[in-house]
Amino acid sequence: PADTTSFSAHVIQHLLLGMLAPVLLALGAPVTLALQASGRTTSRRLLRVLHSLPLSILTHPLTAWALFGGSMFVLYFSGLYAATLHNVALHDLVHLEFVLVGCLFFWPVIGIDPTPHRLPYGGRMLYVLVALPFHTILGVALITQQRLIAPGLTLADQQAGAGILWSAGEALGLVAMLVVAYQWMAAEEREAVRLDRQLDRQVAVQLRESTP
């Protein structure tokens, strides 16, 4: 496949699996759909898993943030990426890791499903903002490196892939921030409507009480 011979193709695949797909999955509310479509026994089991301590630790924003950024540096600077080019099982496992870590990262940010650690909207914006430099630092490090990170690559391809990782990674991060901003404004509008209705009810009650 192209992603085992071209670093640029691998980076595009990395971004699609690790950022775009998790964003779309989070917006699709898969946990809520699973709970609604499952029977009572299955729903209870799923809820026990969702409220378990291991999952609570794994989905904590600090854990997810560290996994999201740290796993990229481990992949490209530990020899792991080079190993995936010759091991199909490891190659597929890394792809799965992209999706899972991406879901852990974006779930508390733009996910519609209930989460154990729901961040306020301001916190979500900051959460994504401080993760944007991951792609910048990693891209710059790969562009300036003169040693190939895996045999069979070319330096030009490695630098081109690093440029894609830098620019497209930041672009997708900004898209996530726009989604958060949209959700924030929608939540503020719903809250304003709720307060207006509450005020209208209070005024109506006072008018009835004051009417002889």
Next on the checklist: Give me the residue from region 28-38 that is hydrophobic (A, V, I, L, M, F, W, C) and out of contact with any Gly (no Cβ under 8 Å at 6 or more places or on another chain) and, out of that set, surrounded by the fewest Cβ atoms within 10 Å (Cβ to Cβ).
Outcome noted: Ala37
Checklist entry - Of all residues in region 46-68 being open to solvent by 30 Å² or more (accessible area, probe 1.4 Å) and part of a loop (DSSP other than H, G, I, E, B), which is modelled with the highest pLDDT? => result His60
Checklist outcome for this item: Scanning region 133-160 residue by residue, those among the hydroxyl-bearing types (Ser, Thr, Tyr) and either in a helix (DSSP H, G or I) or in contact (Cβ under 8 Å) with a residue 60 or more places away in the chain (or both) turn out to be Thr136, Thr144
Next on the checklist: Which count do you get for residues in region 114-132 that are among the basic types (Lys, Arg) and either assigned to a helix (DSSP H, G or I) or more than 23 Å from Leu62 (Cα to Cα) (or both)?
Outcome noted: 1
Checklist entry - Among the residues of region 74-94, which ones are under 21 Å from Leu142 (Cα atoms) and assigned to a helix (DSSP H, G or I)? => result Val74, Leu75, Tyr76, Phe77, Leu80, Tyr81, Ala82, Ala83, Thr84, His91, Val94
Next on the checklist: Residue under question is His117, and the condition is that it be touching an Asp or Glu at 6+ places or on another chain (Cβ under 6 Å) and either in contact (Cβ under 8 Å) with a residue 12 or more places away in the chain or at positive phi (or both); does it hold?
Outcome noted: no
Checklist entry - Does Ser71 satisfy being touching a helix residue (DSSP H, G or I) at 6+ places or on another chain (Cβ under 6 Å) and open to solvent by less than 40 Å² (accessible area, probe 1.4 Å)? => result yes
Item to check | Leading residue by the ranking (nearest to Phe77 (Cα to Cα)) among those in region 116-139 that are loosely packed, with under 15 Cβ neighbours inside 10 Å and among the aliphatic types (A, V, I, L, M) | outcome: Ile137
Checklist outcome for this item: Scanning region 145-168 residue by residue, those under 14 Å from Gly79 (Cα atoms) and either of a type in the set (A, V, I, L, M) or under 27 Å from the mean Cα position of the chain (by Cα) (or both) turn out to be Leu148, Ile149, Ala150, Leu153
Next on the checklist: Taking the conditions exactly as written (closer than 26 Å to Leu24 by Cα and either in contact with a helix residue (DSSP H, G or I) (Cβ under 8 Å, 6 or more places away or on another chain) or without any contact (Cβ under 8 Å) to a residue 24 or more places away in the chain (or both)), does Leu172 satisfy them or not?
Outcome noted: yes
Checklist entry - Does Asp157 count as farther than 26 Å from Trp65 by Cα, crowded, with 16+ Cβ neighbours inside 10 Å and either modelled with pLDDT under 90 or of a type in the set (Asp, Glu) (or both)? => result yes
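The values are calculated or read from the model by the stated rules, or taken from the named source; none is laboratory data. These numbers were taken from a predicted model, which means no experiment stands behind them. Note that we place each Cβ from the backbone using ideal geometry, even for glycine, and neighbour counts take in every protein chain shown. Keep in mind that these areas ignore ligands, DNA and RNA; they rest on the heavy atoms of the full protein, side chains included. Shrake-Rupley method; radii C 1.70, N 1.55, O 1.52, S 1.80 Å.
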